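The values are calculated or read from the model by the stated rules, or taken from the named source; none is laboratory data. These numbers were taken from a predicted model, which means no experiment stands behind them. Don't worry about glycine lacking a Cβ; one is built from the backbone with ideal geometry, like all the others, and counts go over all protein chains shown. For the accessible areas, the whole protein counts, side chains as well, though only heavy atoms, and no ligand, DNA or RNA atoms are used. Shrake-Rupley method; radii C 1.70, N 1.55, O 1.52, S 1.80 Å.
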Amino acid sequence: MKSLYTFLLLIIVVSACQSDFDNADLDSLLRNQDVSKEKALKIIEKAYAAVESSELKTSLKNELRSNVKYNYTIYRSSSEPVKITADIYDETYTVRATYYIYDSIPYFMQGTMRDQDRASGRYTHQELITYFNGKKVIKQLKKTALNKENRASDLSHIPSVDITEDIKQPDLDALLRYEEVKSILKIQ
């Protein structure tokens, strides 16, 4: 009987931890942008964690663009899309971009890319993490590694470089990601 009570208590605690994120903060951030960068980053990290700890339903969509196949996995919580993963494979590159969205507005993006330079034969591996406030990129981090083998590089030991200041048009970058998310969600 004691173990039953412990199990029920554990379920209650886990449920409470998963629901401690209030979407109102994220909604306000994405629509009003009247919060500091530090507060915005905290709201985004909480929203990201809430999505990652949720039980989500998935659906698959595919699209062919310029003879390159795009595979999308759309993750939903209570029938609302909250995350989209795009996988793109071609002869010389692969890309995976994961968008975390609220009301079709991206607020966080995590991407990886492997690209082969045909002249040198080297492979470039990159990881890009981007935070959006609804209207522009507010922070972008990048990791890069090179190797001569067609295998994924371990980027975990490479420090992230903050490249936010290098972005020429942070508002355009955010708009392009928003338009990409809208077009993915419209695919039948």
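The phi torsions of the stretch 83-96, fed into the Karplus equation with coefficients 6.51, -1.76 and 1.60 and a -60° offset, translate into couplings of 7, 9, 10, 10, 10, 10, 10, 9, 4, 10, 8, 9, 9, 10 Hz, rounded to whole numbers, with Gly and Pro shown as x.
For the chain, modelled as a GNM whose springs connect Cα atoms under 10 angstrom apart, the maximal fluctuation among K148, K37, K57 occurs at K148.
As a length-normalised measure over Cα pairs under 8 Å and 6 or more apart, the relative contact order of the chain settles at 14 percent. Solvent-accessible area of the chain (1.4 angstrom probe, protein heavy atoms only): carbon and sulfur portion equals 50 percent. Using Cβ point charges alone (K and R +1, D and E -1), the dipole size of the chain about the Cα centre works out to roughly 280 debye.
When Rg/Rh (Cα atoms, Kirkwood Rh) is computed from the coordinates, the matching label among (i) 1.14; (ii) 1.03; (iii) 0.95 is (ii).
Within a straight-line Cα-Cα reach of under 14 Å, K186 can be paired with the following aspartates and glutamates, leaving aside sequence neighbours fewer than 8 residues apart in one chain: E63, E80, D103. Which links in K42/K182; K69/K136; K57/K168; K57/K135; K42/K148 stretch past 32 Å when you go from one Cα to the other? From K42/K182; K69/K136; K57/K168; K57/K135; K42/K148, over 32 Å: K57/K168; K42/K148. Go through A174, Q110, I184 and say which Cα lies farthest out towards the positive end of the charge dipole of the chain; charges sit on Cβ, +1 for Lys and Arg, -1 for Asp and Glu. Checking the options against the dipole of the chain, the answer is I184. Full extension of the chain between T92 and K135 gives 12.2 nm of extra length, using 0.36 nm per residue less the Cα-Cα distance. Length gained on full extension, D22 to L185, computed as 0.36 nm times the residue gap minus the Cα-Cα distance: 56.3 nm.
Axis angle, to the nearest 10 degrees, between helix 37-52 and the longest C-alpha principal axis of the chain: 80 degrees.
Think of a 1.4 Å ball rolled over the protein heavy atoms: the chain then has 63 Å² of accessible area per residue. Hey, what angle do you get for helix 170-186 against the long axis of the chain, alpha-carbon based, 0 to 90 degrees rounded to 10? Long axis of 170-186 versus the principal axis of the chain: about 70 degrees.
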